[in-house]
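Presented below is the structure to which this report refers.
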Amino acid sequence: MARSLLSFDFDFDEPQSFKGSVQSRPFADLEFINMTCDRHAAYRDASKIEHGQRPEYLMTLQLSGEFRLTQDDRTAVLRPGQFTFYDSTKPASLASSDGYRALCIKFPQKLISTSNDALNEMTATRIDAGSGLAPSVWALLSTLNETLDSMANVNRYSTVSGVMNLVGSMLLSQTAIQVPPRQTETRESLMRRIHEYIDEHLGNPDLVPLQIAGAHFISLRYLHSLFQDSGISVSAWIRERRVERCRRDLADPMLINVPAAAIAKRRGFKGASHFGQIFKDSTGLTPADFRRAALEGAS
(Lines give C-alpha, C1' and ligand atoms only; values in the text may rest on other atoms or scores of the structure.)
Protein backbone atom coordinates (compact mmCIF):
# COMPACT_ATOMS: atom_id res chain seq x y z
CA MET A 1 0.00 0.00 0.00
CA ALA A 2 2.78 2.44 0.88
CA ARG A 3 4.55 1.72 -2.40
CA SER A 4 1.44 1.90 -4.60
CA LEU A 5 -0.86 4.34 -2.85
CA LEU A 6 0.23 6.15 0.36
CA SER A 7 1.47 5.26 3.85
CA PHE A 8 -1.29 4.34 6.33
CA ASP A 9 -1.79 2.62 9.66
CA PHE A 10 -4.39 -0.16 9.47
CA ASP A 11 -7.03 -1.77 11.67
CA PHE A 12 -8.60 -5.16 10.88
CA ASP A 13 -11.43 -7.03 12.56
CA GLU A 14 -9.63 -10.33 11.95
CA PRO A 15 -6.03 -9.66 10.90
CA GLN A 16 -5.18 -13.33 10.36
CA SER A 17 -7.93 -13.87 7.79
CA PHE A 18 -7.81 -10.50 6.02
CA LYS A 19 -7.48 -10.70 2.25
CA GLY A 20 -6.92 -8.03 -0.34
CA SER A 21 -5.05 -7.17 -3.51
CA VAL A 22 -3.52 -4.03 -4.96
CA GLN A 23 -2.50 -3.71 -8.59
CA SER A 24 -0.68 -0.49 -9.44
CA ARG A 25 0.43 0.53 -12.93
CA PRO A 26 2.01 3.83 -14.00
CA PHE A 27 1.06 5.77 -17.11
CA ALA A 28 3.32 8.82 -17.48
CA ASP A 29 2.49 10.98 -14.41
CA LEU A 30 -0.62 8.96 -13.53
CA GLU A 31 -0.91 5.85 -11.40
CA PHE A 32 -3.82 3.47 -12.00
CA ILE A 33 -4.56 1.44 -8.86
CA ASN A 34 -7.03 -1.45 -8.79
CA MET A 35 -8.00 -2.53 -5.27
CA THR A 36 -10.09 -5.32 -3.76
CA CYS A 37 -10.20 -6.23 -0.06
CA ASP A 38 -12.12 -7.24 3.04
CA ARG A 39 -13.36 -4.90 5.75
CA HIS A 40 -10.69 -2.66 7.23
CA ALA A 41 -9.88 0.88 8.38
CA ALA A 42 -6.85 2.99 7.47
CA TYR A 43 -5.46 6.16 9.05
CA ARG A 44 -2.99 8.69 7.71
CA ASP A 45 -1.88 11.28 10.24
CA ALA A 46 0.85 13.93 10.13
CA SER A 47 3.54 11.36 10.95
CA LYS A 48 2.81 9.56 7.68
CA ILE A 49 3.13 12.69 5.54
CA GLU A 50 6.71 13.17 4.43
CA HIS A 51 8.14 16.69 4.38
CA GLY A 52 8.65 17.84 0.81
CA GLN A 53 6.47 15.06 -0.57
CA ARG A 54 5.01 15.79 -4.01
CA PRO A 55 1.41 17.01 -3.55
CA GLU A 56 -0.96 14.54 -5.15
CA TYR A 57 -4.68 13.92 -5.44
CA LEU A 58 -6.18 10.46 -5.24
CA MET A 59 -9.51 10.03 -6.99
CA THR A 60 -11.35 6.81 -6.21
CA LEU A 61 -14.34 5.29 -8.02
CA GLN A 62 -16.39 2.79 -6.01
CA LEU A 63 -17.14 -0.40 -7.95
CA SER A 64 -18.57 -2.59 -5.18
CA GLY A 65 -19.00 -2.54 -1.41
CA GLU A 66 -19.02 0.61 0.71
CA PHE A 67 -16.23 3.09 1.37
CA ARG A 68 -15.97 5.94 3.87
CA LEU A 69 -13.44 8.77 3.56
CA THR A 70 -12.87 11.62 6.02
CA GLN A 71 -10.68 14.66 5.35
CA ASP A 72 -10.95 18.41 6.03
CA ASP A 73 -13.78 17.78 8.55
CA ARG A 74 -15.93 16.20 5.82
CA THR A 75 -16.96 12.58 5.35
CA ALA A 76 -17.97 10.97 2.05
CA VAL A 77 -19.75 7.61 2.13
CA LEU A 78 -19.49 5.93 -1.26
CA ARG A 79 -21.51 3.16 -2.82
CA PRO A 80 -21.04 1.72 -6.33
CA GLY A 81 -21.25 4.40 -9.03
CA GLN A 82 -19.95 7.20 -6.81
CA PHE A 83 -16.49 8.70 -6.40
CA THR A 84 -14.50 11.17 -4.32
CA PHE A 85 -10.95 12.45 -4.07
CA TYR A 86 -8.50 13.44 -1.34
CA ASP A 87 -5.23 15.30 -0.83
CA SER A 88 -2.02 13.38 -0.07
CA THR A 89 -0.60 16.29 1.97
CA LYS A 90 -3.35 16.22 4.62
CA PRO A 91 -4.43 13.69 7.25
CA ALA A 92 -7.23 11.34 6.22
CA SER A 93 -9.06 8.28 7.49
CA LEU A 94 -10.65 5.58 5.35
CA ALA A 95 -12.83 2.55 6.01
CA SER A 96 -14.22 -0.11 3.72
CA SER A 97 -16.80 -2.86 3.96
CA ASP A 98 -16.33 -6.47 2.92
CA GLY A 99 -16.42 -6.94 -0.84
CA TYR A 100 -14.70 -3.62 -1.45
CA ARG A 101 -13.53 -2.99 -5.01
CA ALA A 102 -12.39 0.34 -6.46
CA LEU A 103 -10.40 2.02 -9.20
CA CYS A 104 -8.12 4.75 -7.86
CA ILE A 105 -6.24 7.31 -9.96
CA LYS A 106 -3.25 9.04 -8.33
CA PHE A 107 -1.85 12.16 -9.99
CA PRO A 108 0.25 15.26 -9.14
CA GLN A 109 -1.88 18.21 -8.12
CA LYS A 110 -0.06 20.43 -10.61
CA LEU A 111 -1.75 18.55 -13.47
CA ILE A 112 -5.06 20.23 -12.59
CA SER A 113 -4.94 23.76 -14.00
CA THR A 114 -7.06 25.48 -11.39
CA SER A 115 -6.69 26.99 -7.96
CA ASN A 116 -6.24 24.44 -5.18
CA ASP A 117 -8.56 26.58 -3.05
CA ALA A 118 -11.54 25.55 -5.17
CA LEU A 119 -10.68 21.85 -5.01
CA ASN A 120 -9.90 21.98 -1.30
CA GLU A 121 -13.60 22.64 -0.73
CA MET A 122 -14.43 19.40 -2.53
CA THR A 123 -12.15 16.83 -0.88
CA ALA A 124 -14.05 14.00 0.83
CA THR A 125 -17.25 14.99 -0.99
CA ARG A 126 -19.40 12.30 -2.57
CA ILE A 127 -19.87 12.81 -6.33
CA ASP A 128 -22.21 10.90 -8.62
CA ALA A 129 -20.23 9.23 -11.42
CA GLY A 130 -23.36 9.16 -13.58
CA SER A 131 -24.01 12.89 -13.92
CA GLY A 132 -22.50 15.83 -15.76
CA LEU A 133 -19.08 15.20 -17.29
CA ALA A 134 -18.32 12.29 -14.96
CA PRO A 135 -19.65 9.40 -17.13
CA SER A 136 -17.48 10.42 -20.09
CA VAL A 137 -14.39 11.04 -17.95
CA TRP A 138 -14.65 7.79 -16.01
CA ALA A 139 -15.35 5.83 -19.21
CA LEU A 140 -12.09 7.24 -20.61
CA LEU A 141 -10.15 6.49 -17.42
CA SER A 142 -11.55 2.96 -17.23
CA THR A 143 -10.64 2.30 -20.86
CA LEU A 144 -7.11 3.57 -20.28
CA ASN A 145 -6.83 1.33 -17.23
CA GLU A 146 -7.87 -1.70 -19.25
CA THR A 147 -5.63 -0.99 -22.25
CA LEU A 148 -2.40 0.29 -20.67
CA ASP A 149 -0.42 -2.74 -21.79
CA SER A 150 -1.29 -2.16 -25.45
CA MET A 151 -0.33 1.54 -25.53
CA ALA A 152 3.42 1.25 -25.99
CA ASN A 153 3.48 3.51 -29.05
CA VAL A 154 1.27 6.25 -27.62
CA ASN A 155 2.71 9.61 -26.57
CA ARG A 156 1.83 9.09 -22.92
CA TYR A 157 2.58 12.57 -21.60
CA SER A 158 0.53 14.22 -24.34
CA THR A 159 -2.31 11.79 -23.65
CA VAL A 160 -2.16 12.51 -19.92
CA SER A 161 -2.31 16.26 -20.58
CA GLY A 162 -5.55 15.84 -22.53
CA VAL A 163 -7.03 13.45 -19.97
CA MET A 164 -6.23 15.75 -17.06
CA ASN A 165 -7.86 18.70 -18.82
CA LEU A 166 -11.06 16.65 -18.81
CA VAL A 167 -10.59 15.57 -15.19
CA GLY A 168 -10.03 19.19 -14.18
CA SER A 169 -13.17 20.30 -16.03
CA MET A 170 -15.15 17.54 -14.35
CA LEU A 171 -13.98 18.52 -10.87
CA LEU A 172 -14.46 22.22 -11.58
CA SER A 173 -18.02 21.58 -12.70
CA GLN A 174 -18.63 20.06 -9.27
CA THR A 175 -17.15 23.05 -7.46
CA ALA A 176 -19.74 25.19 -9.25
CA ILE A 177 -22.29 23.69 -6.89
CA GLN A 178 -20.42 25.37 -4.05
CA VAL A 179 -19.92 28.72 -5.81
CA PRO A 180 -22.65 31.38 -5.49
CA PRO A 181 -23.96 32.35 -8.94
CA ARG A 182 -22.97 35.71 -10.33
CA GLN A 183 -26.37 37.32 -10.09
CA THR A 184 -25.36 40.56 -11.84
CA GLU A 185 -23.11 39.15 -14.55
CA THR A 186 -24.36 39.74 -18.08
CA ARG A 187 -23.63 37.65 -21.14
CA GLU A 188 -21.35 40.44 -22.33
CA SER A 189 -19.27 40.50 -19.14
CA LEU A 190 -19.06 36.71 -19.15
CA MET A 191 -17.83 36.77 -22.75
CA ARG A 192 -15.15 39.30 -21.79
CA ARG A 193 -13.93 36.98 -19.07
CA ILE A 194 -13.95 34.02 -21.46
CA HIS A 195 -12.01 35.99 -24.09
CA GLU A 196 -9.42 36.95 -21.47
CA TYR A 197 -9.15 33.34 -20.33
CA ILE A 198 -8.59 32.14 -23.90
CA ASP A 199 -5.87 34.76 -24.48
CA GLU A 200 -4.13 33.70 -21.27
CA HIS A 201 -4.17 30.02 -22.28
CA LEU A 202 -3.43 30.19 -26.02
CA GLY A 203 -0.06 28.57 -25.44
CA ASN A 204 -1.76 25.36 -24.29
CA PRO A 205 -2.15 23.23 -27.44
CA ASP A 206 -4.87 21.21 -25.70
CA LEU A 207 -7.10 24.20 -24.97
CA VAL A 208 -10.62 22.99 -25.83
CA PRO A 209 -14.19 24.29 -25.30
CA LEU A 210 -14.81 21.75 -22.52
CA GLN A 211 -11.93 23.17 -20.45
CA ILE A 212 -13.12 26.74 -21.04
CA ALA A 213 -16.68 25.88 -19.97
CA GLY A 214 -15.46 24.13 -16.83
CA ALA A 215 -13.21 27.05 -15.87
CA HIS A 216 -16.23 29.39 -15.96
CA PHE A 217 -18.72 27.03 -14.29
CA ILE A 218 -21.03 26.92 -17.30
CA SER A 219 -22.25 24.08 -19.50
CA LEU A 220 -20.63 23.34 -22.83
CA ARG A 221 -23.96 24.04 -24.53
CA TYR A 222 -24.20 27.49 -22.93
CA LEU A 223 -20.63 28.30 -23.98
CA HIS A 224 -21.45 27.47 -27.58
CA SER A 225 -24.60 29.59 -27.41
CA LEU A 226 -22.57 32.59 -26.22
CA PHE A 227 -20.26 32.36 -29.22
CA GLN A 228 -23.14 31.69 -31.58
CA ASP A 229 -24.44 35.17 -30.76
CA SER A 230 -21.19 36.62 -32.13
CA GLY A 231 -21.30 34.52 -35.29
CA ILE A 232 -18.16 32.47 -34.61
CA SER A 233 -17.50 29.12 -32.98
CA VAL A 234 -15.30 28.68 -29.90
CA SER A 235 -12.69 26.72 -31.84
CA ALA A 236 -12.62 29.31 -34.64
CA TRP A 237 -12.12 32.11 -32.10
CA ILE A 238 -9.18 30.25 -30.52
CA ARG A 239 -7.69 29.68 -33.96
CA GLU A 240 -8.05 33.33 -34.98
CA ARG A 241 -6.51 34.57 -31.74
CA ARG A 242 -3.55 32.25 -32.24
CA VAL A 243 -3.07 33.47 -35.80
CA GLU A 244 -3.27 37.09 -34.62
CA ARG A 245 -0.58 36.49 -31.98
CA CYS A 246 1.62 34.78 -34.59
CA ARG A 247 1.12 37.71 -37.00
CA ARG A 248 2.29 40.07 -34.27
CA ASP A 249 5.34 37.95 -33.48
CA LEU A 250 6.31 37.41 -37.11
CA ALA A 251 6.18 41.17 -37.71
CA ASP A 252 8.36 41.94 -34.67
CA PRO A 253 11.96 42.81 -35.71
CA MET A 254 13.16 41.69 -32.27
CA LEU A 255 12.02 38.12 -33.08
CA ILE A 256 13.53 37.92 -36.57
CA ASN A 257 15.86 35.08 -35.53
CA VAL A 258 13.09 33.02 -33.93
CA PRO A 259 11.88 30.35 -36.39
CA ALA A 260 8.24 30.57 -37.43
CA ALA A 261 7.71 27.01 -36.18
CA ALA A 262 8.89 28.02 -32.70
CA ILE A 263 6.53 31.01 -32.69
CA ALA A 264 3.67 28.75 -33.75
CA LYS A 265 4.44 26.26 -30.99
CA ARG A 266 4.56 29.01 -28.36
CA ARG A 267 1.10 30.14 -29.47
CA GLY A 268 -0.42 26.67 -29.19
CA PHE A 269 -0.20 25.23 -32.71
CA LYS A 270 0.68 21.54 -32.61
CA GLY A 271 2.71 21.32 -35.83
CA ALA A 272 4.47 23.51 -38.40
CA SER A 273 2.53 22.19 -41.43
CA HIS A 274 -0.81 22.59 -39.65
CA PHE A 275 0.15 26.12 -38.63
CA GLY A 276 1.30 27.02 -42.14
CA GLN A 277 -1.98 25.94 -43.71
CA ILE A 278 -4.14 27.75 -41.16
CA PHE A 279 -2.01 30.89 -41.37
CA LYS A 280 -2.20 30.98 -45.18
CA ASP A 281 -5.98 30.38 -45.11
CA SER A 282 -6.33 33.33 -42.74
CA THR A 283 -3.87 35.82 -44.25
CA GLY A 284 -3.40 34.66 -47.84
CA LEU A 285 0.36 34.38 -47.23
CA THR A 286 2.70 31.74 -45.91
CA PRO A 287 4.33 32.61 -42.56
CA ALA A 288 7.65 33.23 -44.37
CA ASP A 289 6.07 35.54 -46.97
CA PHE A 290 4.12 37.42 -44.32
CA ARG A 291 7.25 37.94 -42.19
CA ARG A 292 9.25 39.13 -45.21
CA ALA A 293 6.57 41.64 -46.25
CA ALA A 294 6.03 42.88 -42.70
CA LEU A 295 9.74 43.43 -42.01
CA GLU A 296 10.36 45.08 -45.36
CA GLY A 297 7.49 47.47 -44.68
CA ALA A 298 8.95 48.32 -41.29
CA SER A 299 12.43 49.11 -42.67
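The values are calculated or read from the model by the stated rules, or taken from the named source; none is laboratory data. Because the structure is a prediction, the values reported are computed rather than measured. FYI the Cβ positions are ideal-geometry reconstructions off the backbone, even for glycines, and counts take in every protein chain you see. These accessible areas exclude ligands, DNA and RNA; they are computed on the full protein's heavy atoms, side chains included. Shrake-Rupley method; radii C 1.70, N 1.55, O 1.52, S 1.80 Å.
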_Computing the accessible area with a 1.4 Å probe over protein heavy atoms, can you report the carbon and sulfur percentage for segment 181-299?_
52
_the chain, accessible area per residue, ligands and nucleic acids excluded (1.4 Å, Å²)_ = 52
*Which value, in debye to the nearest 20, gives the size of the charge dipole of the chain about its Cα centre, when Lys and Arg are +1 and Asp and Glu are -1 at the Cβ?*
860
*With +1 on each Lys and Arg Cβ and -1 on each Asp and Glu Cβ, how big is the dipole of segment 94-151 about its Cα centre, in debye rounded to the nearest 20?*
80
*asked:* Explain nothing, just the number: relative contact order of segment 1-160, from Cα pairs under 8 Å at least 6 residues apart, as a whole percent.
replied: 25
*Average Cα contact separation per residue, segment 204-294, under 8 Å, 6 or more apart, as relative contact order %*: 25
*Among PHE18, PHE279, PHE67, which one shows the biggest mean-square fluctuation in a GNM of the chain, springs joining Cα atoms closer than 10 Å?*
PHE18
*Could you pull the accessible area for ASP13 with a 1.4 Å probe, rounded to 10 Å²?*
120
*Pop the C-beta distance of LYS280 and MET151 into the FRET formula with R0 = 41 Å and round what comes out to the nearest 0.05.*
0.70
*Mean separation of Cα contacts under 8 Å, 6 or more apart, over the residue count of the chain: relative contact order %*: 13
*What FRET efficiency, computed as 1/(1 + (r/R0)^6) with R0 = 41 Å and r the Cβ-Cβ distance, is obtained for ASP252 and LEU140, rounded to the nearest 0.05?*
0.55
_Dipole magnitude (debye, nearest 20) for segment 185-251, charges at Cβ of Lys, Arg, Asp, Glu_ = 140
*Mind listing the long-range amide H neighbours of HIS40? Cut-off is under 5 Å, sequence gap 5 or more, other chains count too, H placed in the peptide plane at 1.01 Å from N.*
SER96
*Hey, can you list the DSSP H helices of the chain whose Cα span along the axis is 15 Å or longer and whose average Kyte-Doolittle score is at least -0.5?*
134-147, 156-175, 272-283, 287-298
*Among PHE279, ILE238, ALA294, which residue has its Cα positioned farthest towards the positive end of the charge dipole of segment 217-299, with +1 placed on the Cβ of Lys and Arg, -1 on the Cβ of Asp and Glu, and the dipole taken about the Cα centre?*
ILE238
*Describe numerically, in nm with one decimal, the distance between label points set 7 Å from Cα along Cα→Cβ at TYR197 and at ASP11.*
4.3
*Under a 10 Å cutoff between Cα atoms, tell me which one of GLY65, GLY52, GLY130 has the largest fluctuation in the Gaussian network model of the chain.*
GLY52
_Charge dipole (the chain, unit charges on Cβ, about Cα centre) - positive-most of LEU220, LEU119, VAL22_ = LEU220
*Listed residues THR75, LEU255, CYS37: farthest to the positive end of the dipole of the chain (Cβ charges)*: LEU255
*Considering only GLU188, GLU240, GLU121, give the residue with the highest GNM mean-square fluctuation for the chain, with springs between Cα atoms whenever their separation is below 10 Å.*
GLU188
*asked:* Ignoring ligands, DNA and RNA, please state the percent of accessible area on segment 1-118 from carbon and sulfur, probe 1.4 Å.
replied: 47
*Take SER219, project a point 7 Å from its Cα along the Cβ direction, then tell me which residues of segment 120-164 have their backbone nitrogen under 17 Å from it.*
130-136
*Calculate, in nm to one decimal, what SER131 and ASP45 gain on full extension: separation in residues at 0.36 nm each, minus their alpha carbon distance.*
27.7 nm
